[in-house]
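Okay, structure first, notes after.
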Amino acid sequence: MTDKNPADSNLAEQLSTTEKVALSLRKRHRKEKRFQWAGLMAVGLGFLLVVILISDIVLKARPAFHQHWVKLEVEFRQDWLGVTSSDLAELKKANYRSVLRRSLYGMFPDVKGRRDKRSLFKMISTNAEFTIKQYLLDTPTKLGKTAEVWVRFDDDIDSYLKDDYTPGEAGPRVSKQQAQWLQQFLNKEIVDKRWNSEFFTSGDSREPELAGVRGALTGTLLTMLVTLLLSFPLGVAAAIYLEEFAPKNRWTDIIEVNINNLAAVPSIIFGLLGLAVIINIFGLPRSAPLVGGIVLTLMTLPTIIIASRASIKAVPPSIREAALGLGASKMQTAFGHVLPMAMPGILTGTIIGMAQALGETAPLLMIGMVAFIVDVPAGVTDAATVLPVQIYLWADSPERAFLAKTSAAILVLLSFLLIMNSVAAILRKKFEKN
Amino acid sequence: MNSSTLIFVILFLALFSYWFGIQRSVKMAGGITKVKYLASLPRQYGLLTALWCGLPALIVLFIWSAFESSVLESLLIGVLPAEIQALPSAELGLYLNDIKIIAAEPILDLSSQNEALEKYQAANYLQNITANAAWLKSALIVVVALTSVGFIISRFSTEFGARVKLENIVRVVLMACSGIAVLTTLGIILSVLFESIQFFSAVPPWEFLFGTEWSPQTAMRTDQVAGSGAFGAIPLFAGTLLITAIAMVFSVPVGLMTAIYLSQYASPRLRSIAKPMLEILAGVPTVVYGFFAALTVAPFIRDTGDLMGLSVASESALAAGIVMGIMIIPFVSSLSDDAINAVPKALKEGSLGMGATLSETIKLVLLPAAIPGIVGAILLAVSRAIGETMIVVMAAGMAANLTANPLESVTTVTVQIVTLLTGDQEFDSPKTLAAFALGLMLFVTTLALNVFALKVVRKYREQYD
């Protein structure tokens, strides 16, 4: 520094080095403290982010696990149903909507206009008609009598009840009138908040109060099954070959570089590969778990190969030498001695690879697993969707109740990931002990 | 029989062959007590027979399945009237689709269908050839399996080295498995390149690379009024870079400081709880981050902006960028940690011994020594951010704005690939092909970044080894 304060340099000249260091020490220690603080802040920020992320999702998911039901007094009058006898075949085709409507209007005799009636009817889930149908089919003796049947509220009313609301005041997508009717329901004490087990047992639906994750879960299971069945044997075989048999030549070099690069290729590119080759050239069905599994296999294979190779490499050479010395062939050594010892590490790598595949969404969008599918898939070639894609689809839906459903689906996905990673961690620990 | 039943049949046959091979070898030796005179163990004879049964059958099944649909389709086109064969490929595809839908019906009543009789006849033909093909496939596979078993059994003798033969086959199978990685890369390159070349024959490359207008909506029919489609990818590249830059600005300091603190200052206890924390951040699926970005961070930023009097788009680049940054923190931190730990201890101890404080040592000695590794880490993180899809699909916009303002909405390469390919549309329109051209760009960019980064990291490691 040339433009130093002359007073400073004068002062500096008069001091010995030790004194100079002593003088600067406070400042340097302050800097040290500041740096340390910055580091601590960075780590703290990480914790904060995890807490915010998880608590945000848990808080949003909470409403999805409960559902509000209402007890209606349903009059199964034959003329409303349009049936003449309690014959089951006839009851199956009866007009339950009319029964539901009239019973509901019967509970509110002062509701007159068409529009008011419609908005009253809208408070009940569209599924209620099937609920009372099922009720009558189960107990046909109720025909012609009045029965108390629990039915679901519509998702708007359900969300309204789960929010902080002022009784009788309008809420989002709930009119003031509807809120007042709702208050009457509440005053009669015929509203019940129940555990929403349907969330785990039903498939997707356009109606948020009916939508569940079972279809997506089954799709995920099938896709993961295909991925595991393909990627585990392929990955282990490739790793054994590369570690135990491959000669050091150009070809193996190419394979090695390839595997390392594939591990870093963006996942969406694998989706393009799946669309262009597996669907368009090989003609496998779109949206099928089979195709999804193949694409995810190609994606996770590098992870599994790299982990398996590391694990095989870690097996002490003395094991191989002992086996070979006793007359085992190379193949027998590899499969009978090296592979069993490397297994914990290979399994850990496989689980981590599978966890990656479980959370993957982008390539599956490319191969059409993004379609709206109500049915639970029964095989690997049925159209299906998977949990992450279901999350993406629900997150895109405008209905407010889907927000909670999305978060709940995320919780399901995260708990699966947590289980898989814990198993991997336990295996790793066991492996390290040996 | 469909393919999955066939696979079970093949597996069953293989299992049977295993047993058969064992029986044959024992019988050949002259009883269970004389097995020791065989060149290999009976089990190895059995395994060899099973492989000879299963492998050729599976290969035939695979090849057949790969080509069945295209062969059937060309057979079907062959019987169609000439004027339909002459239709353009898109309309021909629709026509064939109709036929396939009709053919999927279980029973065809040919008499009652006067209209579209041709389609019904074609569908009937398709049903026939499909049934024939299925029958032929099953027969062929069973014949192949049995013949090869017969062949290998006929060569059995006491001097027959089943183990060596078996091991040679297994070795070839293992080698084929390791080649899958290469095949995958080749498949990616060929498929993306092939579609891109088709795209570039419709849209000149310079227009794609340097055009500043992106609106891929093209007319579906010739008489439709719609945009002619503009495929200038500059706004997409700019948007991708903007979001990546925001992510890096957020994640590099935090990730680096986390790595420094955890490796140099933290107590083992803090480290033992901070590592799982980072693993959680790394393990959360990107679709969850996307949800977090779109429904928590973006509204928060918009509301904060409103309070400060700024107009913020509801799908701002900032929200997507920050959340992408959060996703990348563990990536940056673990790679930087490796780089810092690779610096020889002597450098650090020397500096500390000369009286420098720990922070001075880190800033003046450790970081400069680790810089190539850290640069490599950052490059890998950039490549990760560029290829990230779900966060931007859910939280970034669709409209291609050419802007550097992080509060506005931008779109990225990956968002456009998803948007272009997740509708139902014909496969060879420039609109869908554009997605493959974008995919090519993405693949080339990330590959170059990865190769370069790995080179930097490796070179630097060699320096200290």
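The values are calculated or read from the model by the stated rules, or taken from the named source; none is laboratory data. Keep in mind that this is a model prediction, so the values were computed, not measured. Using ideal geometry, Cβ is built from the backbone for each residue, glycine included, and neighbour counts are taken over all protein chains shown. Only protein heavy atoms, including side chains, enter the accessible area calculation; ligands, DNA and RNA are left aside. Shrake-Rupley method; radii C 1.70, N 1.55, O 1.52, S 1.80 Å.
Of all the helices (runs of 4 or more DSSP H) wholly in the range B:243-348, which have at least 3 residues that are facing another protein chain (nearest Cβ under 10 Å), in contact with a helix residue (DSSP H, G or I) (Cβ under 8 Å, 6 or more places away or on another chain) and open to solvent by less than 50 Å² (accessible area, probe 1.4 Å)? Walk me through how you get there before you give the answer.
Values: elements: B:268-283, B:286-292, B:298-307, B:317-341.
Hits in the range B:243-348: B:268-283, B:286-292, B:317-341.
Among the candidates A:P317, A:P289, which residue alone is within 29 Å of B:A162 (Cα to Cα) and more than 8 Å from chain B (Cβ to nearest Cβ)?
Matching residue, one of A:P317, A:P289: A:P317.
Restricting to the range A:272-296, what's the tally of residues that are open to solvent by less than 10 Å² (accessible area, probe 1.4 Å) and under 10 Å from A:T223 (Cβ atoms)?
Residues in the range A:272-296 being open to solvent by less than 10 Å² (accessible area, probe 1.4 Å) and under 10 Å from A:T223 (Cβ atoms): 7 in total.
For the range B:395-410, indicate whether the set of residues that are buried (at least 20 other Cβ atoms within 10 Å of the Cβ) and within 12 Å of another protein chain (Cβ to nearest Cβ) is non-empty.
yes
Looking at B:I371, B:I378, B:I362, B:I391 in this structure, which one is within 11 Å of another protein chain (Cβ to nearest Cβ), closer than 30 Å to B:R458 by Cα and either open to solvent by less than 20 Å² (accessible area, probe 1.4 Å) or aliphatic (A, V, I, L, M) (or both)? Reasoning before the result, please.
Working: B:I371 fails: within 11 Å of another protein chain (Cβ to nearest Cβ); B:I378 fails: within 11 Å of another protein chain (Cβ to nearest Cβ); B:I391 fails: closer than 30 Å to B:R458 by Cα.
Within the list B:I371, B:I378, B:I362, B:I391, the selection yields B:I362.
Out of all the residues in the range A:67-84, is one or more closer than 23 Å to A:S159 by Cβ, assigned to a helix (DSSP H, G or I) and either at pLDDT 85 or above or out of contact with any helix residue (DSSP H, G or I) (no Cβ under 6 Å at 6 or more places or on another chain) (or both)? I'd like the intermediate steps shown before the answer.
From the range A:67-84, those closer than 23 Å to A:S159 by Cβ are A:67-72; that's our starting set.
When the remaining residues are screened for being assigned to a helix (DSSP H, G or I), the result is none.
So far as the range A:67-84 goes, no, none of its residues is closer than 23 Å to A:S159 by Cβ, assigned to a helix (DSSP H, G or I) and either at pLDDT 85 or above or out of contact with any helix residue (DSSP H, G or I) (no Cβ under 6 Å at 6 or more places or on another chain) (or both).
Going through the range A:52-66 one residue at a time, which ones are in a helix (DSSP H, G or I) and within 23 Å of A:L210 (Cα to Cα)? Spell out the reasoning first.
Applying the first criterion (in a helix (DSSP H, G or I)) to the range A:52-66 yields A:52-65.
Selection gives A:I57, A:V58, A:L59, A:K60, A:A61, A:R62, A:P63, A:A64, A:F65.
Listed here are the residues, each with its yes/no results for (1) outside any loop (DSSP other than H, G, I, E, B); (2) at pLDDT 95 or above; (3) not aliphatic (A, V, I, L, M).
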site	(1), (2), (3)
A:L273	yes, no, no
A:I278	yes, no, no
A:A328	no, no, no
A:P340	yes, no, yes
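Note down all Cβ pairs under 8 Å where the first residue falls in the range A:139-165 and is outside the structural domain of A:F121 (by TED's automatic domain parsing), the second is open to solvent by less than 20 Å² (accessible area, probe 1.4 Å), and they're at least six residues apart or on different chains.
Close Cβ pairs (under 8 Å, with a partner that is open to solvent by less than 20 Å² (accessible area, probe 1.4 Å)) do not exist here.
Could you grab me the full set of residues in the range A:212-228 that are more than 12 Å from A:P377 (Cα to Cα) and small (G, A, S)?
Across the range A:212-228, the qualifying residue is only A:G212.
Given the options A:I240, A:I255, A:I259, name the one that is in contact with a Pro (Cβ under 7 Å, 6 or more places away or on another chain) and among the aliphatic types (A, V, I, L, M). Explain how you work it out, then say what you get.
On the way: A:I240 fails: in contact with a Pro (Cβ under 7 Å, 6 or more places away or on another chain); A:I255 fails: in contact with a Pro (Cβ under 7 Å, 6 or more places away or on another chain).
Step by step, each of A:I240, A:I255, A:I259 is checked, and only A:I259 is in contact with a Pro (Cβ under 7 Å, 6 or more places away or on another chain) and among the aliphatic types (A, V, I, L, M).
Which helices (runs of 4 or more DSSP H) sit wholly inside the range B:1-109 and have at least 3 residues that are modelled with pLDDT of 80 or more, open to solvent by less than 90 Å² (accessible area, probe 1.4 Å) and among the aliphatic types (A, V, I, L, M)?
Details: elements: B:3-29, B:42-79, B:82-85, B:89-104.
Helices (runs of 4 or more DSSP H) meeting the threshold: B:3-29, B:42-79.
Residue by residue through the range B:336-365, note down the ones that are touching a residue at least 60 places away in the same chain (Cβ under 8 Å) and of a type outside the set (D, E). Write out each step before concluding.
As a first pass, look at the range B:336-365 and keep what is touching a residue at least 60 places away in the same chain (Cβ under 8 Å): B:336-337, B:339-344, B:358, B:362.
Selection gives B:S336, B:A339, B:I340, B:N341, B:A342, B:V343, B:P344, B:L358, B:I362.
Could you tell me which numbered condition A:R309 fails, if it satisfies all but one of (1) surrounded by 19 or more Cβ atoms within 10 Å (Cβ to Cβ); (2) not in a helix (DSSP H, G or I)?
Unmet condition: (2).
Listed residues B:E167, B:E195; which is at the interface with chain A (Cβ under 7 Å from one of its Cβ atoms) and closer than 19 Å to B:C53 by Cα? Please lay out each step first, then the result.
Working: B:E195 fails: closer than 19 Å to B:C53 by Cα.
On inspection, the qualifying residue turns out to be B:E167.
Tell me the residue from A:T218, A:T227 that is among the hydroxyl-bearing types (S, T, Y), out of contact with any strand residue (DSSP E or B) (no Cβ under 8 Å at 6 or more places or on another chain) and open to solvent by less than 10 Å² (accessible area, probe 1.4 Å), please.
On the way: A:T218 fails: open to solvent by less than 10 Å² (accessible area, probe 1.4 Å).
Checking each option against the conditions leaves just A:T227.
Within the range A:257-267, which residues are assigned to a helix (DSSP H, G or I), open to solvent by 50 Å² or more (accessible area, probe 1.4 Å) and among the aliphatic types (A, V, I, L, M)?
Here is the first cut: in the range A:257-267, the ones assigned to a helix (DSSP H, G or I) are A:257-262, A:267.
Restricting the remaining residues to those that are open to solvent by 50 Å² or more (accessible area, probe 1.4 Å) gives A:257, A:260.
Within the range A:257-267, just A:V257 meets the criteria.
Among the candidates A:A310, A:A322, which residue alone is away from chain B (no Cβ under 11 Å) and over 31 Å from the mean Cα position of the chain (by Cα)?
Details: A:A310 fails: over 31 Å from the mean Cα position of the chain (by Cα).
Every option except A:A322 fails the conditions.
I'd like the residue in the range A:378-391 that is in contact (Cβ under 8 Å) with a residue 24 or more places away in the chain and surrounded by fewer than 23 Cβ atoms within 10 Å (Cβ to Cβ) and, out of all such residues, is nearest to A:F431 (Cα to Cα).
Top of the filtered list is A:V380.
Conditions (1) assigned to a helix (DSSP H, G or I); (2) assigned by TED's automatic domain parsing to the domain that holds A:T406; (3) surrounded by fewer than 21 Cβ atoms within 10 Å (Cβ to Cβ), marked per residue:
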site	(1), (2), (3)
A:P247	no, yes, yes
A:W251	yes, yes, yes
A:I255	yes, yes, no
A:I269	yes, yes, no
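Which residue pairs have Cβ atoms under 8 Å apart, sit 6 or more places apart or on different chains, and have a first residue in the range A:112-123 that is in the same structural domain as A:R152 (by TED's automatic domain parsing) and a second that is assigned to a helix (DSSP H, G or I) and open to solvent by 30 Å² or more (accessible area, probe 1.4 Å)?
Listed pairs, sorted by first residue: A:D116/A:Q177; A:K117/A:R101; A:K117/A:Y105; A:S119/A:Q177; A:L120/A:Y105; A:F121/A:R101.
What pairs come up if the first residue lies in the range A:238-266 and is within 7 Å of another protein chain (Cβ to nearest Cβ), the second is assigned to a loop (DSSP other than H, G, I, E, B) and open to solvent by 10 Å² or more (accessible area, probe 1.4 Å), and their beta carbons are under 8 Å apart, counting only those six or more places apart or on different chains?
Note: pairs meeting the criteria are A:I255/A:A246; A:P266/B:E388.
Based on this model, can you work out whether B:G161 counts as surrounded by fewer than 18 Cβ atoms within 10 Å (Cβ to Cβ), touching a Ser or Thr at 6+ places or on another chain (Cβ under 8 Å) and at pLDDT 80 or above? Give the steps one after another, and end with the answer.
Values: surrounded by fewer than 18 Cβ atoms within 10 Å (Cβ to Cβ): yes; touching a Ser or Thr at 6+ places or on another chain (Cβ under 8 Å): yes; at pLDDT 80 or above: yes.
In short, yes.
List every residue pair whose Cβ atoms lie under 6 Å apart, where the two residues are 6 or more positions apart in sequence or sit on different chains, the first residue falls within the range A:419-431 and is within 10 Å of A:G345 (Cβ to Cβ), and the second residue, located anywhere, is open to solvent by 60 Å² or more (accessible area, probe 1.4 Å) and in a helix (DSSP H, G or I).
Note: pairs meeting the criteria are A:L427/A:L347.
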